[in-house]
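Visitor: Quick one: the structure is below, and I'll ask about it shortly.
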Amino acid sequence: MTVTHAQLPQVRPDAEIILCVSAKAGLVAIPVGEKYPYGHTVLRATRAFDRQKEGSYILRDLSAMPDVMPALIQTAKLHRVTLTTSPRPYLGDFARELVDRLPGAWTTKFEVYAHPVWQEDWMPLLWDSGELAEAMEHCRVPYGTVLTSATGAELLLIEQPGGAGRYLLGACASSTFDDNYRNPYAPSAITLPAYAQLAADQVTSTFLPRYERAVHERLLAEVERGHEHLVELRHAADPSTETATAVLRRLRPHAAHLLDRTCRAVAPGPTEGEALDRLATLLNPARTSPARPSSVLRVPAPLPPASAADVHRWLADAPVLLKHARAALPPGPGTGARKALLPTPLAIAATPPHSRSR
């Protein structure tokens with residue numbers, strides 16, 4: 001058994017306990033590796049650590065370390081578990097300091113990817129065209145922290161593999177999309193320094209505007225394609241109502257998201273406002289009143305099938321939405337904007353949300 005001070009290498013021991021210090025919690029111990037249960041055995045046998053629900057352990061009384069560490073080292077040696085002392089502070093602390101400085105309200109959730117297979121579960125959920133996706137696909141990342149805004153946006157924060165004291169932050173896609181891998185609209189992750197205020201400034205001025213613009217562009221492109229398809233079906237020599245209703249049903253979640261974003265960014269005139277209200281009712285049939293504007297997220301009912309009348313309503317009113325959605329395209333990085341994330345839509349898709357729980 002050896003005690004190392006490596007910077008999160010791509011190849012890690014089969015059974016390992018990563019130790020890092022939390023200014024708020026104490027000494028955090030994280031069992032990882034293909035034989036991670038051995039690490040749990042060691043920490044339970046030491047009897048000084050409190051287990052956390054995500055799979056880490058905490059020694060809250062740092063004054064007990066002179067007595068605890070010899071026992072921990074001896075027990076780890078007995079079970080052939082490597083102890084690795086991280087040169088970085090606990091990732092959960094940095095994440096909390098970061099979100100406290102971001103616009104809007106955020107929560108954080110520390111996650112342990114003890115077995116390498118668990119890390120792979122993230123790949124369908126990531127929406128990134130940069131270093132974060134590469135790191136999660138090719139490097140061993142034993143843990144991360146999910147940052148969730150009060151409006152529903154999710155970001156993933158990890159320690160940059162091989163990057164001394166730096167971090168990577170990237171996005172997860174909206175729940176209305178499930179084809180995120182190498183998506184052309186995916187924003188690029190950002191590399192962050194270890195200083196929370198400086199990191200927050202970079203996220204606010206660079207990443208969040210980039211993310212907001214990418215979300216809007218992707219939704220707009222998807223809705224435009226779906227609308228064009230419906231127009232083509234309407235003008236077809238032998239139009240198929242069944243096909244048109246199927247197209248609209250697939251389009252609804254993306255269109256509802258785009259409508260919610262657009263209605264918070266523009267102020268249409270009375271006639272156009274009525275068209276958007278009709279679309280709100282069409283796209284969110286569980287709502288009893290139009291959604292403009294709404295800051296309350298509700299649990300939706302499953303979408304009913306689209307009808308031929310729904311298709312006709314969409315074709316009549318959708319041009320108003322597309323016009324204002326193009327005008328509502330958020331500015332990208334470098335504009336000096338420090339706005340909070342736009343609220344995400346009601347999750348109206350019938351598909352259940354992704355789960356990463358273990």
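Visitor: Among 62-73, 271-282, 246-257, what's the highest-first ranking by average C-beta atoms within 10 angstrom per residue?
Guide: Numbers: 62-73: 13.5, 271-282: 17.7, 246-257: 22.4.
Sorting 62-73, 271-282, 246-257 by mean packing, highest first, produces 246-257, 271-282, 62-73.
Visitor: Which of the lysines could be linked to Lys53 by a straight reach, that is with a Cα gap under 30 Å, when you skip same-chain ones fewer than 8 residues away?
Guide: Lys24, Lys35, Lys77, Lys109
Visitor: What does the extension gain come out to for Tyr181 and Arg326, with contour length at 0.36 nm per residue minus their alpha carbon separation? If you can, show how the numbers build up before the last one.
Guide: Values: separation 145, 0.36 × 145 = 52.20 nm, distance 2.52 nm.
Extra length available between Tyr181 and Arg326 comes to 49.7 nm.
Visitor: Quickly rank 44-54, 179-189 as a protection proxy: mean count of other C-beta atoms within 10 Å, highest first. Mind showing how you got there, number by number?
Guide: On the way: 44-54: 14.7, 179-189: 17.2.
Ranked by mean Cβ neighbours within 10 Å, highest first: 179-189, 44-54.
Visitor: Kindly rank 315-324, 203-212 from highest to lowest mean number of other beta carbons found within 10 Å of each residue. Intermediate results must be reported in sequence, preceding the final value.
Guide: Values: 315-324: 18.0, 203-212: 21.1.
Ranking, from highest mean packing down: 203-212, 315-324.
Visitor: Another question, if that's okay. Given points 7 Å out from each Cα along the Cα-Cβ axis, report the Arg234 to Arg80 separation in nanometres with one decimal.
Guide: Label-label distance for Arg234 and Arg80, simple model: 7.0 nm.
Visitor: So, one more: Rounded, prolate or oblate for segment 147-200? Axes are the square roots of the Cα gyration tensor eigenvalues, ordered a ≥ b ≥ c, and the cut-off for rounded is a/c under 1.5.
Guide: Details: a/c = 2.84, a/b = 1.61, b/c = 1.76.
Verdict is oblate for segment 147-200.
Visitor: Taking the Cα atoms of segment 1-142, what is the range of coordinates along each of the three principal axes, in descending order and whole Å?
Guide: Result for segment 1-142: principal-axis Cα extents of 45, 31, 25 Å.
Visitor: Does segment 77-127 classify as rounded, prolate or oblate by the C-alpha gyration tensor (a ≥ b ≥ c root eigenvalues; a/c under 1.5 gives rounded; else a/b over b/c gives prolate, otherwise oblate)?
Guide: oblate
Each value in this text was obtained by applying a stated rule to the coordinates, not by laboratory testing. Bear in mind that the values here come from a model prediction, so they are computed numbers and not experimental data. All Cβ positions, even for glycine, are placed from backbone atoms using ideal geometry, and neighbour counts span all protein chains on display.
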